[in-house]
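Single-structure report; data block below.
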C-alpha cells in the first residue's frame with residue numbers, strides 16, 4: 001500500500017505537469033496568452049520542444065498507473081493467500097474435530113464391547129454353568145429305570161454346553177481376553193485358530209522382531225484391523241491360505257495380511273460410490289486415528305496384500321487434539 005501511494009503521487013504530479021505546462025505552451029496564435037506563452041517560448045527557454053515534454057509526462061503517467069495497478073494485483077493475491085490459509089486452517093480444525101470424534105466413538109465402542117463381554121461372562125456364563133451343573137446333579141439322582149428322563153436331561157446338558165460354548169465365542173469376539181492378558185501376538189494367533197475352525201482357510205501368524213508393549217489403542221486397533229482383514233478374506237477372497245505378519249520395527253509396528261485368493265481391482269472398488277467397501281473404509285479410519293499408513297495391493301487372480309504401519313506413539317493425546325481443534 002505504501003508503494004501504491006507513492007505511485008499515485010507520481011502519477012498525479014505527472015498529470016498536473018502535463019495539464020499545466022504541456023497545455024499552457026501551445027502553438028502561437030493571435031489569442032492571448034498564446035501570443036507570448038507558446039511552443040516557441042518553451043523551445044527557447046528549455047532547448048527542446050514542448051511535444052517532447054508532453055510525451056515524457058504521458059510516459060511517466062503510464063508507468064505510474066501500471067505500477068499502482070500492480071499494487072492492486074499484489075493486494076488481491078495477498079488477500080487470496082490469506083483466504084486460502086484461513087480455509088486451510090478451518091479444514092485442519094474440522095479434520096482434527098472429526099478425528100477426535102471418531103477417536104471417542106471408537107473408544108466408547110471398545111468400552112461398551114468390554115462391558116458387554118464382562119457382563120455376559122459374569123452373569124449369563126455363570127448362569128449357564130450353574131444350569132449345567134444342576135442338570136448333572138439331577139441326572140445322578142435319577143434311577144436307571146428312568147431312562148427317558150435321563151436321556152432328556154443329557155440332551156438338555158448338551159444344549160447348555162453348546163450355548164455356553166457359543167457364549168464364550170461371542171465374548172471372545174467382543175473382547176478377547178488374550179488381548180488384555182497376553183498381548184497382541186497371542187490374540188492374533190488365537191483369532192487365526194478361530195478362523196481356521198469356522199472356515200476352510202489355513203491361517204499362519206508370524207511375529208518378527210522383539211515384542212514390545214503397545215498403547216491400548218494401538219493394540220486394539222491393530223487387532224481389529226487384522227480381524228476385519230481376515231473376515232474379508234473368508235467372505236470374498238475364496239483363498240486357501242492367509243498369512244498374518246506382525247513386525248516390530250524401529251519406531252513403528254507393521255501389520256501385513258496377505259492371501260492367495262482371487263483378488264480384486266482396488267482402484268475400481270474405491271471409486272465405486274454405489275457399493276462402498278465399508279470394511280476397508282473402517283480399517284482406513286482406524287489406521288488414521290492411530291496416525292498410521294494404510295495401503296492395499298491387489299490384482300485379479302493374484303491375491304491381496306494389506307499393509308498397515310503405525311508409529312509406536314501414533315495416538316495423539318486428547319490435549320494435543322483439542323489444541324489442534326482450537327487452532328493452537
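Read-outs: derived from the displayed coordinates by stated rules, not from any lab. Nothing here was measured: the structure is a model prediction, and the numbers come from that model.
Need the full-extension length gain, residue 302 to residue 133, defined as separation in residues times 0.36 nm minus the C-alpha distance. One decimal, nm.
Gain on extension, residue 302 to residue 133, equals 55.7 nm.
Express in nm, to one decimal, how much length is gained between residue 8 and residue 269 on full extension, taking 0.36 nm for each residue of separation and deducting their alpha carbon distance.
88.0 nm
Counting DSSP beta bridges with both partners in region 140-265, what percentage is antiparallel, nearest 5?
50 percent
Subtracting the Cα-Cα distance from 0.36 nm times the residue separation, let me have the gained length for residue 293 to residue 208 in nm, one decimal.
28.7 nm
What three numbers, in Å, describe the spread of the alpha carbons of region 224-312 along their principal axes, ordered from the longest?
The principal-axis extents, from largest down, are 35, 30, 18 Å.
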